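Heads up, the thing below is written out as structure tokens.
The values are calculated or read from the model by the stated rules, or taken from the named source; none is laboratory data. All of these numbers come straight from a predicted model, not from anything done at the bench. When we count neighbours, we look across all protein chains shown, and the Cβ atoms used for this are built from the backbone with ideal geometry, even at glycine. Ligands, DNA and RNA are stripped out before the accessible areas are found, and what is left, the full protein with its side chains, is counted by its heavy atoms. Shrake-Rupley method; radii C 1.70, N 1.55, O 1.52, S 1.80 Å.
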Amino acid sequence: MVVNDTDYAVMLASPADVEDFVHGFLLTEGVIRDTAEVDSVTVTDRPEGVVAHARLHGALPGHLRRERATPGMSSCGLCGVRSLQEALRPVRPVADGPVFTPAALFAAMAALPDWQPCNAAAGAMHVAAFAAADGTIRHAREDVGRHNALDKLIGALLRDGVAPATGFVVTSSRCSYEMVQKSAAFGLPLLCTASAPTALAIRLARRANMSLVSLARGGSFLIGCGGQRIAATEATGDG
């Protein structure tokens with residue numbers, strides 16, 4: 001990924017929805033706040049991989065004008081950062097509300113396989129999907145890496161002008177710290193994952209005023225934090 005002629009990052013990612021990936025990655029990295037800041041994205045296929053060149057209206061922020069120490073792997077959202085301060089950067093709190101029903105969470109999780117054509121064909125692919133308040137999935141993106149799938153989804157929502165508070169995100173993965181960090185950067189109120197969250201993910205979600213839900217299947221789910229956004233549950237903030 002090249003930003004304003006500066007080599008910014010090298011990521012292991014599935015070569016689909018690249019423009020969405022660029023927009024989402026730049027937003028969750030703190031390079032941009034809105035798609036209007038991106039003038040163009042040019043994607044070039046080369047024998048060794050794909051080069052995505054993003055042209056911003058302004059200059060690349062000085063504190064972000066750096067090269068990653070190592071390539072970003074598909075399984076890690078923090079590869080290349082060189083300090084704890086950089087890895088554990090603060091997030092903006094998400095606005096209060098809305099409230100979602102358990103039925104909506106179950107419906108969205110149950111529908112995930114229908115939005116995974118690449119995984120059905122090849123296996124080993126994650127999906128991140130955005131569901132409306134009633135649990136109907138509206139957008140979904142796949143990638144070999146869960147962080148990349150979420151960045152692609154956020155990029156798609158950003159480009160389509162979807163307000164994050166109008167729904168929630170469901171993913172096929174576990175909920176790690178970086179997944180919360182990316183979701184909070186876009187202002188998503190609730191993240192529902194197939195597997196349980198890490199302790200660090202829950203702590204960050206509390207600071208970001210986000211809700212974490214996991215293991216939503218078989219008529220039950222785990223609330224890691226933010227129970228006030230789940231209908232018919234006690235608003236204790238703990239699962």
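Built from the Cα atoms of region 97-221, the convex hull projects on average onto 6.8 nm², one quarter of its surface area. Peptides 26-36, 173-183, 197-207 ranked from most to least packed give 173-183, 197-207, 26-36, packing being the mean of other C-beta atoms within 10 angstrom over each peptide's residues.
Rolled with a 1.4 Å probe across the full set of protein chains, the surface gives Ser220 an accessible area near 60 Å².
Full extension of the chain segment joining Val2 with Ala111 gains 35.7 nm, where the gain is 0.36 nm per residue of separation less the Cα-Cα distance.
Taking label points 7 Å from Cα along the Cα-to-Cβ direction, Thr35 and Arg203 give a separation of 3.6 nm. Simple spin-label estimate for Ala95 and Ala59 gives 3.3 nm between the two label positions (7 Å along the Cα-to-Cβ direction from each Cα). Taking 0.36 nm per residue of separation and subtracting the Cα-Cα distance, full extension of the segment from Arg217 to Arg138 would add 26.4 nm. Distance between the pseudo-spin-label points of Arg174 and Val51 (7 Å out from Cα toward the beta carbon): 3.7 nm.
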